[in-house]
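Asker: Sharing a structure, written as structure tokens. Questions coming.
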Amino acid sequence: MRLGIIGSGMVGRTLAADLARLGHEVVIGTRDPGKLEAFVAEHPGVRAAPNSEAAAFGELVLLATNWAGTREALELAGADNLNGKVVVDITNPLDFSTGRPALALGWNTSAGEQVQGWIPGARVVKALNIVTADAMLKPREFTGGEPDMFIAGNDAEAKGEVTRLLESVGWGVVNLGDITMSRSIEPLAMIWIVHGFNSGWTKRNHAFKLLNR
Ligand SMILES: NC(=O)c1ccc[n+]([C@@H]2O[C@H](COP(=O)([O-])OP(=O)(O)OC[C@H]3O[C@@H](n4cnc5c(N)ncnc54)[C@H](OP(=O)(O)O)[C@@H]3O)[C@@H](O)[C@H]2O)c1
């Protein structure tokens, strides 16, 4: 599959490497493709390009930007390049101003909803924001059984596509509903972050599972 990634931080690079390893063609989007020269050289199957090119290239596009720069990154990607496409929103709307990460918004909106509003022609699916980058495509590495990924979005077909991709690598997928359910999924990331923070970041190997009886 042709995949575009917007954002070249820890998440963007890790996903690019893992998706290429899984056999996908990847273009990682950035404001400065030159800075990814060494990374691209080490990862055959990954090309670095401006955000607009990554967005145009991807049959499915993953959004992995710092929350504060997300709107600008999407403007650079170009809403037209994303029309009709599935965009997986991995962002967490974090505010670091107090020294400890906190949610910058919530209750009556969410990053997922804002992203959908900025690219109205795209089919945004919230997913993958509740686990560390290195585990996003490696859920089988967790002990204690298959972890679950919570997703939300307005388009059933788009959620089906994301579900197939996630299940193919080993996630159980829990569809919570439309994109407004990002208001509940994003705070879940805070539980993940605070647990990691409280343990001095020595613990990043945690994920969630919905248990039934
Ligand atoms: N780190 C994790 O394990 C993890 C786990 C779950 C969810 N998340 C969420 O995933 C997202 C990405 O995480 P990360 O750690 O990779 O983030 P990051 O390194 O802070 O930022 C990712 C990318 O955002 C782009 N960006 C920043 N400001 C921008 C601006 N003004 N305009 C355009 N692009 C801008 C930059 O891309 P370029 O400089 O290349 O243009 C940057 O490399 C965040 O929202 C984070 O909360 C992270």
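The values are calculated or read from the model by the stated rules, or taken from the named source; none is laboratory data. Note that the structure is a prediction, hence the values are computed from the model and not measured. Here the Cβ positions follow ideal geometry from the backbone for every residue, glycine too, while neighbour counts run over all protein chains shown. The area values use the complete protein model at the heavy-atom level, side chains included, leaving out ligands, DNA and RNA. Shrake-Rupley method; radii C 1.70, N 1.55, O 1.52, S 1.80 Å.
Asker: Which one of these does residue 109 not meet: (1) in a loop (DSSP other than H, G, I, E, B); (2) within 15 Å of the ligand (Cβ to nearest atom)?
Answerer: For residue 109, the failing item is (2).
Asker: Sticking with this structure for a sec: In segment 144-181, which residues are in contact with a helix residue (DSSP H, G or I) (Cβ under 8 Å, 6 or more places away or on another chain) and of a type in the set (Gly, Ala, Ser)?
Answerer: Correct list: 152, 153, 170.
Asker: Of all residues in segment 181-213 being among the polar types (S, T, N, Q) and farther than 15 Å from residue 129 by Cα, which is surrounded by the fewest Cβ atoms within 10 Å (Cβ to Cβ)?
Answerer: Filtering segment 181-213 down to residues among the polar types (S, T, N, Q) leaves 182, 184, 198-199, 202, 205, 212.
Checking which are farther than 15 Å from residue 129 by Cα leaves us with 198-199, 202, 212.
Working: 198: 9, 199: 11, 202: 7, 212: 3.
Selected residue: 212.
Asker: Residue 151: buried (at least 24 other Cβ atoms within 10 Å of the Cβ) and assigned to a loop (DSSP other than H, G, I, E, B), yes or no?
Answerer: no
Asker: Within segment 180-202, can one find any residue that is among the aliphatic types (A, V, I, L, M) and outside any helix (DSSP H, G or I)? Show your work before the answer.
Answerer: Taking segment 180-202 and keeping what is among the aliphatic types (A, V, I, L, M), we get 181, 185, 188-191, 193-194.
Now restrict to residues that are outside any helix (DSSP H, G or I): none.
No, every residue in segment 180-202 fails to be among the aliphatic types (A, V, I, L, M) and outside any helix (DSSP H, G or I).
Asker: Quick check on segment 51-81: of everything there that is open to solvent by 80 Å² or more (accessible area, probe 1.4 Å) and not in a helix (DSSP H, G or I), which residue is nearest to residue 121 (Cα to Cα)?
Answerer: 59
Asker: Among the residues of segment 159-176, is there at least one that is within 15 Å of the ligand (Cβ to nearest atom), over 17 Å from the mean Cα position of the chain (by Cα) and more than 26 Å from residue 83 (Cα to Cα)?
Answerer: Looking through segment 159-176, none of the residues is within 15 Å of the ligand (Cβ to nearest atom), over 17 Å from the mean Cα position of the chain (by Cα) and more than 26 Å from residue 83 (Cα to Cα).
Asker: Give the residue, chosen from 87, 11, that is crowded, with 17+ Cβ neighbours inside 10 Å, more than 10 Å from the ligand (Cβ to nearest atom) and β-branched (Val, Ile, Thr). It would help to see each step written out before you state the result.
Answerer: On the way: 11 fails: more than 10 Å from the ligand (Cβ to nearest atom).
On inspection, the qualifying residue turns out to be 87.
Asker: Against the conditions (1) more than 14 Å from the ligand (Cβ to nearest atom); (2) surrounded by 12 or more Cβ atoms within 10 Å (Cβ to Cβ), where does residue 99 fall short? Just the number, please.
Answerer: (2)
Asker: Hey, another quick one. Within segment 14-30, count every residue that is assigned to a helix (DSSP H, G or I), within 14 Å of the ligand (Cβ to nearest atom) and touching a strand residue (DSSP E or B) at 6+ places or on another chain (Cβ under 9 Å). Give the derivation first.
Answerer: Step one: list which residues in segment 14-30 are assigned to a helix (DSSP H, G or I), which gives 14-21.
From what's left, within 14 Å of the ligand (Cβ to nearest atom): 14-18.
Retained after the next criterion (residues that are touching a strand residue (DSSP E or B) at 6+ places or on another chain (Cβ under 9 Å)): 15-17.
The total comes to 3.
Asker: Are any residues in segment 31-50 of a type outside the set (Gly, Ala, Ser), within 10 Å of the ligand (Cβ to nearest atom) and open to solvent by 10 Å² or more (accessible area, probe 1.4 Å), and if so, which ones?
Answerer: In the first step, residues of segment 31-50 are kept if they are of a type outside the set (Gly, Ala, Ser); the result is 31-33, 35-37, 39-40, 42-44, 46-47, 50.
Applying the additional criterion that residues be within 10 Å of the ligand (Cβ to nearest atom) yields 31-33, 35-36, 50.
Residues satisfying the conditions are 31, 32, 33, 35, 50.
Asker: Just wondering, is there one or more residues in segment 135-149 that are β-branched (Val, Ile, Thr) and within 16 Å of the chain's Cα centre (by Cα)? I'd like the intermediate steps shown before the answer.
Answerer: Step one: of segment 135-149, the residues β-branched (Val, Ile, Thr) are 143.
Now restrict to residues that are within 16 Å of the chain's Cα centre (by Cα): none.
The answer is no, given that none of the residues of segment 135-149 is β-branched (Val, Ile, Thr) and within 16 Å of the chain's Cα centre (by Cα).
Asker: Then there is this: Right, residue 27: β-branched (Val, Ile, Thr), under 22 Å from residue 175 (Cα atoms), open to solvent by less than 10 Å² (accessible area, probe 1.4 Å) and within 17 Å of the chain's Cα centre (by Cα) or not? Show your work before the answer.
Answerer: On the way: β-branched (Val, Ile, Thr): yes; under 22 Å from residue 175 (Cα atoms): no; open to solvent by less than 10 Å² (accessible area, probe 1.4 Å): yes; within 17 Å of the chain's Cα centre (by Cα): yes.
For residue 27, the condition - β-branched (Val, Ile, Thr), under 22 Å from residue 175 (Cα atoms), open to solvent by less than 10 Å² (accessible area, probe 1.4 Å) and within 17 Å of the chain's Cα centre (by Cα) - is not met.
Asker: While we're on this one: I'd like the full set of residues that are within 15 Å of the ligand (Cβ to nearest atom), surrounded by fewer than 20 Cβ atoms within 10 Å (Cβ to Cβ) and assigned to a loop (DSSP other than H, G, I, E, B), limited to segment 113-141.
Answerer: Matches in segment 113-141: 132, 138.
Asker: Evaluate the following for residue 144: is it part of a loop (DSSP other than H, G, I, E, B), open to solvent by 60 Å² or more (accessible area, probe 1.4 Å) and modelled with pLDDT under 95?
Answerer: Details: part of a loop (DSSP other than H, G, I, E, B): yes; open to solvent by 60 Å² or more (accessible area, probe 1.4 Å): yes; modelled with pLDDT under 95: yes.
Yes.
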